[in-house]
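Derivation of every value follows stated rules applied to the coordinates shown; laboratory data play no part. All of these numbers come straight from a predicted model, not from anything done at the bench. So basically every Cβ, Gly included, is an ideal-geometry build from the backbone, and we count neighbours across all protein chains shown.
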Protein chains: 2
Amino acid sequence: MFIAMNRFQVVKGREAEFEEVWKSRDSHLDQVEGFIEFHLLRGPEADDYTLFCSHSVWASKQAFEAWTRSEQFRKAHANAGQTSDMYLGPPQFEAFQVV
Amino acid sequence: MFIAMNRFQVVKGREAEFEEVWKSRDSHLDQVEGFIEFHLLRGPEADDYTLFCSHSVWASKQAFEAWTRSEQFRKAHANAGQTSDMYLGPPQFEAFQVV
């Protein structure tokens, strides 16, 4: 099993807006082979941002990587740049293999 | 749903030993109310360490916090100090609420 997380430093006061963007997203992930589940996570608050993580669980690293090369992935990320003023810096990607 | 993660910077070369400590641990988590699942995650490698995360999923923040005040928690962490030379610095705790 494989977990892919993207860490977002969301500017204070923009949290509700950020959550709304994710809720209204149509990722078509449920049609992707090897996809298990997705959650948006709200984490600790720092002085100037709130940490959020996208958290997706996959059957394998291979399944995740195949998705990143797919048309569904391209579509799901087509508008990502439009919300960049909600963040302090770019998202930080971390991938984890279940031991 | 609530996810608690502890981030461990494991010294290069000690990864197998670290995994063994976790595998042989008897946490009794499955007896704890509100506990859903636990995984040990192996993450990205930096120059001088490999990132590991303990990753536990709970029905609620309240369930997790009740566990941290329990006898099971105390027992599960009784020997934590003995392995501290495997790490660069103390573990970093992060808690996440599923949105």
Next on the checklist: Straight-line reach from A:Lys75: which aspartates and glutamates fall under 12 Å, measuring Cα to Cα and dropping same-chain residues less than 8 apart?
Outcome noted: A:Asp26
Checklist entry - What full-extension length gain, to one decimal in nm, is calculated for B:Ser60 and B:Glu17 as 0.36 nm per residue of separation minus the Cα-Cα distance? => result 12.3 nm
Next on the checklist: Please compute, for the alpha-carbon atoms of the stretch B:2-97, the extent along each of the three principal axes and give them in descending order in Å.
Outcome noted: 39, 26, 19
Item to check | Summed residue charge, Cβ within 10 Å of A:Cys53's Cβ, Lys/Arg positive, Asp/Glu negative | outcome: 0
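Counting Lys and Arg as +1 and Asp and Glu as -1, what is the net charge of the other residues whose Cβ lies under 14 Å from the Cβ of A:Arg7?
-1
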Checklist outcome for this item: Per residue of B:49-61, other chain Cβ atoms within 10 Å number on average 1
Checklist entry - With labels modelled as points extended 7 Å from the Cα through the Cβ direction, what inter-label distance (nm, one decimal) is found for A:Ala80 paired with B:His77? => result 3.6 nm
Next on the checklist: For the ranges B:8-16, B:87-95, B:23-31, what's the packing order if you count other beta-carbon atoms within 10 Å of each residue, average per peptide, and put the highest first?
Outcome noted: B:8-16, B:87-95, B:23-31
Checklist entry - Residues of A:39-45, mean number of Cβ from any other protein chain within 10 Å of their own Cβ, rounded to a whole number? => result 5
Checklist entry - Roughly speaking, what is the stretch gain from A:Ile36 to A:Asp48, that is 0.36 nm per residue apart minus the C-alpha to C-alpha distance, in nm to one decimal? => result 1.0 nm
Item to check | For B:90-97, mean number of other protein chain Cβ atoms within 10 Å | outcome: 3
Checklist entry - GluC sites (Glu not before Pro), restricted to the stretch B:18-56: which are DSSP loop and have at most 15 other Cβ atoms within 10 Å? => result B:Glu33
